[in-house]
Amino acid sequence: MNMIVVCYSGKGSNKFLAEKISEALDCELIKLEPRVPGLVLPATFSRISMGNKPVNTDLTNFDRVILCGPLYMGSIAAPCNDFMKKYSKQIKTLDIATCCASTDKKKNDQFGYGRVFNYLKEKTAPIAGIFEAFPIELVMDEDQKNDDQATMNTRLNNENFKGAIQLRLDKFINEIKHAPEQI
């Protein structure tokens, strides 16, 4: 199966996650570059398109595109949203991975990743594939998990990417490798 990882990362954790996914799947990684980087958050919150620099890869050559990017206040980052709008007709199967501040316990709350994923699955049907969240709390010490500032300051890295988050990545990779091909 031919796959590619496409990534946008605001602070680095989703870039780190995308690199891990690309390495585990032994596939190419391309990075989304917003046309106006300083407007990502306002564009995401207002749900307006700001556009990305062109992706110079023919996505029709891939069986699966794994999009990796952050969620902000219950929405996927504008560069990821713009990518889906522009390229969805070229994609056979779209998988989504995110490192986010949303927790498993609150995934269905107003800003939770579960609600975002449900919306994106509807929006991207019939190409929607496997969607997985990698909450930042999975790498945090217990005493920091209720500290919003600690959550916002924590980044994925080689030292903390172990245990529960590594197991989640292994499961995600296994699901992708064994998923049936969509036509």
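The values are calculated or read from the model by the stated rules, or taken from the named source; none is laboratory data. Because the structure is a prediction, the values reported are computed rather than measured. Cβ coordinates were reconstructed from backbone atoms using ideal geometry, including for glycine residues, and neighbour counts include every protein chain displayed. We work out accessible area using only protein heavy atoms, side chains counted, and drop any ligands, DNA or RNA first. Shrake-Rupley method; radii C 1.70, N 1.55, O 1.52, S 1.80 Å.
Expressed as a whole percent, the accessible area of region 1-89 that falls on carbon and sulfur atoms is 50 (1.4 Å probe). Phi angles across region 95-111 convert, under the Karplus curve 6.51 cos²θ - 1.76 cosθ + 1.60 with θ = phi - 60°, into 3J(HN,Hα) values of 9, 10, 10, 9, 9, 9, 7, 4, 9, 4, 5, 10, 4, 9, 6, 3, 10 Hz, Gly and Pro given as x.
Nearest 5 percent is fine: what portion of the DSSP beta bridges confined to the chain is antiparallel? Display every interim value, and only then the final one.
On the way: 3 of 22 bridges.
Antiparallel bridges: around 15 percent, rounded to the nearest 5.
Kirkwood radius, region 33-183, all distinct C-alpha pairs, inverse of mean reciprocal distance: 16.4 Å. Taken one residue at a time, the phi angles of region 159-165 give Karplus couplings (6.51, -1.76, 1.60, θ = phi - 60°) of 6, 9, 7, 7, x, 4, 6 Hz. Gly and Pro are set to x.
Restricting attention to region 38-89, which trypsin sites (Lys or Arg not before Pro) occupy a DSSP loop and are surrounded by at most 14 other Cβ atoms within 10 Å?
Arg47
Each 10 Å bin from zero up to the one holding the largest Cα-Cα distance in region 1-100 carries the following percent of pairs: 17, 52, 29, 3.
To the nearest 20 debye, what charge dipole does the chain have about its Cα centre, counting +1 at the Cβ of each Lys and Arg and -1 at the Cβ of each Asp and Glu? Each step should come with its number before you reach the end.
Details: 24 positive and 23 negative charges, 138 e Å.
Charge dipole of the chain: 660 debye, to the nearest 20.
Phi-derived couplings, Karplus 6.51 cos²θ - 1.76 cosθ + 1.60 at θ = phi - 60°, listed residue by residue for region 129-136: x, 9, 10, 9, 9, 10, x, 4 Hz, with x used for Gly and Pro. Amide H contacts of Ala97 (H built 1.01 Å from N, in plane; Pro and chain starts excluded): Leu67, Cys68, Gly69, Glu132 sit under 5 Å, all sequence-distant by 5 or more or on other chains.
A cut-off of 5 Å between modelled amide H atoms, ignoring neighbours fewer than 5 places along the same chain, links Ala128 with Leu94.
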